[in-house]
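Here the structure is laid out as structure tokens; the discussion comes afterwards.
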Amino acid sequence: MNSKLMSRNRRALVLTVLFLSLTMMVSACSPLAVLAQPTVSVGEVSVNPNNNKSIERALDQLAKRYEKAPVPVRKDYDTNTILWDTPGKTLDREQTRKRIVNAKPGSKVEPVLITVPAAVQARHLASDIPAGYRNIGEFSTTLPTEKGYLANIKLASDLLNDSVVMPGETLSFNKVTGFPTADRGYQPGPGISGGQVVQMYGGGICQVSTTLFNAVTTAGLEVVERHPHSLPVSYVPIGKDAMVYIEEGKDFIFKNNRRTPVIVKSQLADGVVKVTLYGK
């Protein structure tokens with residue numbers, strides 16, 4: 001074989017190898033090659049069950065789409081009604097991963113979701129002592145006999161009862177009671193204003209805020225705002241009262257500085273108004 005023929009054969013071999021390499025590169029990057037990858041549908045998310053990164057991305061997308069936080073039971077103070085709790089959902093990543101890996105290519109599986117109950121549920125408020133909770137603070141003050149005063153205490157106590165304060169949240173007594181007007185059911189009663197005892201709508205609700213204040217301090221919760229009366233009151237020693245006057249922006253506010261929820265129970269019985277705080 002002469003040198004010219006050997007050279008042509010060598011060039012032909014090189015061109016053949018280059019052609020085959022380019023063909024493999026193009027086919028690997030083509031849409032057909034991508035479509036050829038095995039896929040599994042999880043909800044509305046497609047995932048390659050043989051690729052860990054693809055699975056992790058799919059799990060993250062599923063968590064964003066399906067997970068939701070539970071909503072604890074709470075109170076509508078305007079209507080004095082309980083708003084029921086709503087359970088949440090969380091993605092069971094391990095079980096969902098197993099479904100993906102074990103699924104046949106082209107098939108569809110459902111994500112595994114776990115129901116997460118609310119930290120405080122309506123059932124916890126159904127009794128005087130919430131199930132699973134313990135008394136962490138309690139205080140009582142003696143009730144008056146004046147009808148308007150007593151009626152205002154009863155209304156404020158009913159509104160306060162079954163309040164739920166989540167960790168890190170605050171409770172405003174003025175938000176609980178609202179403006180003390182006749183439309184809201186309040187009556188004229190004796191109250192302290194400008195260093196004098198005068199008749200005012202809502203007179204007497206300060207006894208409930210005071211009772212709450214002392215229960216809060218007994219429980220070791222954080223007092224955010226508190227104001228003393230301009231005159232001594234009969235139901236607690238000096239320095240133990242908590243005056244509220246919404247028209248002047250005077251409020252009693254406390255913060256739940258615990259890691260678990262606090263449930264407030266308030267009731268009138270046996271000649272006293274009693275506020276009890278329950279926690280875990």
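The values are calculated or read from the model by the stated rules, or taken from the named source; none is laboratory data. Note that this is a predicted model, so its numbers are computed, not measured. We place every Cβ from the backbone using ideal geometry, glycine too, and count neighbours over all the protein chains shown.
Among residues of the stretch 37-65 that are in the same structural domain as GLY88 (by TED's automatic domain parsing) and within 20 Å of THR90 (Cα to Cα), those with a Cβ under 8 angstrom from a residue that is among the small types (Gly, Ala, Ser) and assigned to a loop (DSSP other than H, G, I, E, B), sequence gap 6+ or separate chain, pair up as SER41/SER107; LEU62/GLY43; ARG65/GLY43. Among the conditions (1) surrounded by fewer than 19 Cβ atoms within 10 Å (Cβ to Cβ); (2) in contact (Cβ under 8 Å) with a residue 60 or more places away in the chain, the only one that LYS240 does not satisfy is (2).
Among the residues of the stretch 161-181, which ones are polar (S, T, N, Q) and closer than 16 Å to VAL275 by Cβ?
Initially, the stretch 161-181 is screened for residues polar (S, T, N, Q), giving 161, 163, 170, 172, 174, 177, 181.
ASN161, SER163, SER172, THR177 - these are the residues of the stretch 161-181 that are polar (S, T, N, Q) and closer than 16 Å to VAL275 by Cβ.
Taken over the stretch 229-270, the criterion of being among the polar types (S, T, N, Q) and farther than 13 Å from GLN207 by Cα is satisfied by SER230, ASN256, ASN257, THR260. Within the stretch 156-166, the set of residues being in a helix (DSSP H, G or I) and surrounded by fewer than 21 Cβ atoms within 10 Å (Cβ to Cβ) comprises ASP158 only. Screening the candidates SER54, SER127, SER41, SER140 for the property of being closer than 30 Å to THR210 by Cβ, among the small types (Gly, Ala, Ser) and surrounded by 14 or more Cβ atoms within 10 Å (Cβ to Cβ) yields one hit, SER140. ARG259 passes every criterion in (1) within 21 Å of the chain's Cα centre (by Cα); (2) surrounded by 14 or more Cβ atoms within 10 Å (Cβ to Cβ) apart from (2).
Which of the residues spanning the stretch 127-148 are part of a strand (DSSP E or B) and either over 17 Å from LEU268 (Cβ atoms) or outside the structural domain of ASN257 (by TED's automatic domain parsing) (or both)? Of everything in the stretch 127-148, those that are part of a strand (DSSP E or B) and either over 17 Å from LEU268 (Cβ atoms) or outside the structural domain of ASN257 (by TED's automatic domain parsing) (or both) turn out to be ARG134, ASN135, ILE136, GLY137.
Which residue out of GLY204, GLY178, GLY195, GLY220 is without any contact (Cβ under 8 Å) to a residue 60 or more places away in the chain and either aromatic (Phe, Trp, Tyr) or over 23 Å from ALA126 (Cα atoms) (or both)? Don't jump to the end; show me each part of the working.
Details: GLY204 fails: without any contact (Cβ under 8 Å) to a residue 60 or more places away in the chain; GLY178 fails: without any contact (Cβ under 8 Å) to a residue 60 or more places away in the chain; GLY220 fails: without any contact (Cβ under 8 Å) to a residue 60 or more places away in the chain.
Answer to the selection: GLY195.
Within the stretch 109-122, restricting attention to residues that are more than 12 Å from the chain's Cα centre (by Cα) and assigned to a loop (DSSP other than H, G, I, E, B), the residue that is farthest from ASN174 (Cα to Cα) is GLU110.
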